[in-house]
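Asks: Quick one: the structure is below, and I'll ask about it shortly.
The values are calculated or read from the model by the stated rules, or taken from the named source; none is laboratory data. What you are looking at is a predicted structure, and each value in this text was computed from that prediction instead of being measured. Glycine gets a Cβ as well: all are built from the backbone with ideal geometry, and neighbour counts include every protein chain shown.
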Amino acid sequence: MEPTCLRWPDVQPDFSVAPRVAVQSAVILDPVSDTSTTATDQEEVWLRPSPRLGTMRRVEVLGVTALAAAIVLVMTAIRFVAGAPVDLATAVILIVAIALAGVLSDRWAQRRVRAWAYRERDDDLLVRRGVMVSRLSVIPYGRMQFIDVVAGPIERAFGLATVRMHTAAASSDARIPGLTQIEAGRLRDHLAQLGEAKAAGL
Amino acid sequence: MDPAAIWHRLLPLSPVIRAGRLFVGAVIVFAGTLLPGSHTTESGAITRAVIGVVVIAFGVVSWLVTRWRVEGNDLRIETGLIRRSSLRFPLPQIQAIDVVRPVLARIFGLAELRLRMGGATAGSARLAYLTASHADTVRAQLLALARGTAIQPETQESPERVLVRLPAGRLIGSLILGSPTVTVLVMAGAIAGAAALSPRAAIGILSSSSAIAIGMVTVIWRRLNGAYNLTVAEAHDGLRVRSGLLDTTAETIPRGRVQAVRMVEPLLWRPLGWCRLEVDVAGRQHRGGENNPERRQLRAVLPVGSRQEAESLLARILPDAPRERTRPPSRARWKAPLRFHNLSWGHNERCAVTTTGRLARITSWVPLTKVQSLRLVQGPAQRGLRLATIYLDTAGHSVHAAIRDRDADEAREQLGELTVLCRAARTAQGFR
């Protein structure tokens, strides 16, 4: 794995596309952290999922769209073979609609991918996400009970993994998808280490 | 007698009591065939006898292979004949201890001891059954071990100070004004109305709604049974809540195990100034056990009481609840029209309080030491109105404290402040 993938210094947080609120909250939260970071390196501290997550989401959308289109085609073909009257116009309209839906959901998925960001601070991890509903979670290291690294078949094909943080509260549900497996491993070890050092009882 | 040294067994009567519940069920199921007039075949009787014997035999075997003892700081329970399991329950992680006594166990003077453990995957340890006095002693000893003090042989029930006693009259009044009763009344009204129009339709409605009615009556009964004669007392090992009409439960919540407190003021109780005070404790709900009382994860320490009583009780559970509360900006009315008049929140360095609720007013207190994580959430409607909600996640299960519909800038500032306060609270508690 190329070492540049450990962090993405080249991928600056793209605040122009990220939801306005999340960006502001990041700025507001900064005075809180003990690290007296200057405004310039604050921006570097926000890390984002691998750019490959965007590709993965695109492939997923493409797969679903292709499947839907294939179903329409097969249905039309069956009717044609069976000798039933074939309504070509409807089939074409359906396929166009499916293609349009695919393009729109891809755009949406890309926006969502860009909305993910996380930041390791001295005492807690910040995770922000969401386009429609924007969320910013603050999870203290000491509260993490265990950390999962999960990679489904599609994620594995792209060399990605999802890191899940579990606290004693069921509603916490913090996760970061689309990390390279190296970064996921690093994050897991780092969080586990910090969690051990700062563990808090129930 | 050092309890750490020897293995204990449960009482030999335990399988009988356990089977007793099944037996009662079986009698109800087979009641039809037992009636005179219905012809009971010999094979049917044999089947029943065989089922009975098998149930008893299973019970006896399960009793034979079960033993428990205290090892250092753990409670160890060994059980199982074919799949032998040895369970270890670390006592310092106890969230609450219950002494549960179903009717049948009460008749024989027995009690079940149940330990609620923390953690999402941990279940509860159960010792069923011990004699009632032994159960109390074991509870006192386990609580002493949980606190880290050595058990003396004379470790017994510690003296307690009664905080609240619930009069039966008020409990019944509260049940009459509760939602199940209202449902039953509405249904009765609907049936009466239908009967006036066409008796035939009324019979149809009656037969179809009888299941719901039975369900509602069961709910009312369960509440009455659960909260009857409730006493809340404070002892040095924690808060003790005792209640029950037929089945009794005595719960001990050690100090500092309360994850959140909630006060509910239903609409119908508002004119009487009544409210309900509930305490949330960590630990997973244990479903499908043989006894029902454990279903009540969220324990009402005061099923019905005046505001004054609730506040004095709250002062004992959370000594430093914040007094002042602020209201959300008035534009939040557009986002939450029904909730708006109930929304407010306040905090100090120890505790946060939020109010919400559409019909009933729900006030939740969360000690900042118990906050697991914080979330700032802004939905599309909120973005349009420049509002945001902060959620305080706790390890409890039923209290969801949310600071709803605040001004977005204020919410961001408060999120930062709460993060710092929670960290300070954790540090003060001795953790980092």
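Asks: Checking A:R175 against (1) more than 14 Å from every other protein chain (Cβ to nearest Cβ); (2) among the charged types (D, E, K, R); (3) within 16 Å of the chain's Cα centre (by Cα), which test does it fail?
Replies: Here A:R175 meets the rest and fails (1).
Asks: So which residues in segment A:155-172 are within 14 Å of chain B (Cβ to nearest Cβ) and among the hydroxyl-bearing types (S, T, Y), if there are any at all?
Replies: Just the residues of segment A:155-172 that are within 14 Å of chain B (Cβ to nearest Cβ), to begin with: A:164-172.
Residues satisfying the conditions are A:T167, A:S171, A:S172.
Asks: So, in segment A:174-201, how many residues would count as being within 21 Å of B:L368 (Cβ to Cβ) and of a type in the set (D, E, K, R)?
Replies: Selection size over segment A:174-201: 1.
Asks: Got at least one residue in segment B:132-140 being surrounded by fewer than 11 Cβ atoms within 10 Å (Cβ to Cβ) and β-branched (V, I, T)? Lay out the reasoning, then the answer.
Replies: Just the residues of segment B:132-140 that are surrounded by fewer than 11 Cβ atoms within 10 Å (Cβ to Cβ), to begin with: none.
The answer is no; no qualifying residue exists.
Asks: Turning to a different aspect of this structure: Does B:T218 qualify as being more than 14 Å from chain A (Cβ to nearest Cβ) and touching a Lys or Arg at 6+ places or on another chain (Cβ under 6 Å)? I'd like the intermediate steps shown before the answer.
Replies: Values: more than 14 Å from chain A (Cβ to nearest Cβ): yes; touching a Lys or Arg at 6+ places or on another chain (Cβ under 6 Å): no.
No, not satisfied.
Asks: Criterion first (within 13 Å of chain B (Cβ to nearest Cβ), hydrophobic (A, V, I, L, M, F, W, C), over 14 Å from the mean Cα position of the chain (by Cα) and part of a strand (DSSP E or B)) does A:V138 satisfy it? Can you show your working first?
Replies: Working: within 13 Å of chain B (Cβ to nearest Cβ): yes; hydrophobic (A, V, I, L, M, F, W, C): yes; over 14 Å from the mean Cα position of the chain (by Cα): yes; part of a strand (DSSP E or B): yes.
Spelling it out, A:V138 is indeed within 13 Å of chain B (Cβ to nearest Cβ), hydrophobic (A, V, I, L, M, F, W, C), over 14 Å from the mean Cα position of the chain (by Cα) and part of a strand (DSSP E or B).
Asks: Turning to a different aspect of this structure: Just to be sure I understand the filter: pairs with C-beta atoms under 9 Å, separated by 6 or more residues or on different chains, first member in segment A:180-200 and free of Cβ contacts under 8 Å to residues at least 60 places away in the same chain and closer than 17 Å to A:A168 by Cα, second member assigned to a helix (DSSP H, G or I) and charged (D, E, K, R). Which pairs pass?
Replies: As it stands, the answer is A:G195/A:R143; A:A199/A:R143, since those pairs meet every condition given.
Asks: For residues that are part of a loop (DSSP other than H, G, I, E, B) and in contact with a strand residue (DSSP E or B) (Cβ under 8 Å, 6 or more places away or on another chain), scanning just segment A:104-129, find the one that is modelled with the lowest pLDDT.
Replies: Residues of segment A:104-129 that are part of a loop (DSSP other than H, G, I, E, B), as a first pass: A:116, A:121-123.
Now narrow it down to the ones that are in contact with a strand residue (DSSP E or B) (Cβ under 8 Å, 6 or more places away or on another chain): A:116, A:123.
Numbers: A:W116: 94, A:D123: 87.
Of everything passing the filter in segment A:104-129, A:D123 is modelled with the lowest pLDDT.
Asks: Kindly provide the set of residues from segment B:166-201 that are outside any helix (DSSP H, G or I) and farther than 30 Å from B:L313 by Cβ, ordered by number.
Replies: In the first step, residues of segment B:166-201 are kept if they are outside any helix (DSSP H, G or I); the result is B:166-167, B:177-178, B:198.
The answer is B:S198, and nothing else.
Asks: Restricting to segment B:78-109, and then to whatever is surrounded by fewer than 20 Cβ atoms within 10 Å (Cβ to Cβ) and of a type in the set (V, I, T), can you tell me which residue is farthest from the other protein chains (Cβ to nearest Cβ)?
Replies: Only one residue fits best here, namely B:I107.
Asks: Here's another thing I want to ask about it. For the list (1) assigned to a helix (DSSP H, G or I); (2) within 7 Å of another protein chain (Cβ to nearest Cβ), I need the number of the one condition that B:Q372 fails.
Replies: B:Q372 satisfies all of (1) assigned to a helix (DSSP H, G or I); (2) within 7 Å of another protein chain (Cβ to nearest Cβ) except (1).
Asks: Considering only segment B:325-338, state which residues are within 17 Å of B:G379 (Cα to Cα) and in contact with a strand residue (DSSP E or B) (Cβ under 6 Å, 6 or more places away or on another chain).
Replies: Step one: list which residues in segment B:325-338 are within 17 Å of B:G379 (Cα to Cα), which gives B:328-329, B:331-337.
If the condition is that a residue be within 17 Å of B:G379 (Cα to Cα) and in contact with a strand residue (DSSP E or B) (Cβ under 6 Å, 6 or more places away or on another chain), then B:P328, B:P329, B:A332, B:K335, B:A336 are the ones that fit.
Yes or no, residue by residue, for (1) part of a loop (DSSP other than H, G, I, E, B); (2) more than 20 Å from A:M144 (Cα to Cα); (3) more than 8 Å from chain A (Cβ to nearest Cβ); (4) basic (K, R):
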site	(1), (2), (3), (4)
B:R383	no, yes, no, yes
B:V420	no, no, no, no
B:R423	no, no, no, yes
B:T427	no, no, yes, no
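Asks: Report yes if some residue within segment A:119-127 is free of Cβ contacts under 8 Å to residues at least 12 places away in the same chain and at the interface with another protein chain (Cβ under 9 Å from one of its Cβ atoms); otherwise report no. Let's see the steps before the verdict.
Replies: So in segment A:119-127, the residues free of Cβ contacts under 8 Å to residues at least 12 places away in the same chain come out as none.
Within segment A:119-127, not a single residue is free of Cβ contacts under 8 Å to residues at least 12 places away in the same chain and at the interface with another protein chain (Cβ under 9 Å from one of its Cβ atoms).
Asks: Among the residues of segment A:141-176, how many are part of a strand (DSSP E or B) and crowded, with 22+ Cβ neighbours inside 10 Å?
Replies: Final tally of qualifying residues: 8.
Asks: Turning to a different aspect of this structure: Restricting the search to segment B:387-412, which residues are at the interface with chain A (Cβ under 8 Å from one of its Cβ atoms), within 11 Å of B:Q259 (Cα to Cα) and of a type in the set (A, V, I, L, M)?
Replies: Within segment B:387-412, B:A395 is the sole residue that qualifies.
Asks: Something else now. May I ask you to list pairs of residues, at least six apart or on different chains, whose Cβ atoms are under 7 Å apart, with the first in segment B:182-208 being among the polar types (S, T, N, Q) and the second being in a helix (DSSP H, G or I) and at pLDDT 80 or above?
Replies: Matching pairs, first to second residue: B:T183/B:M216.
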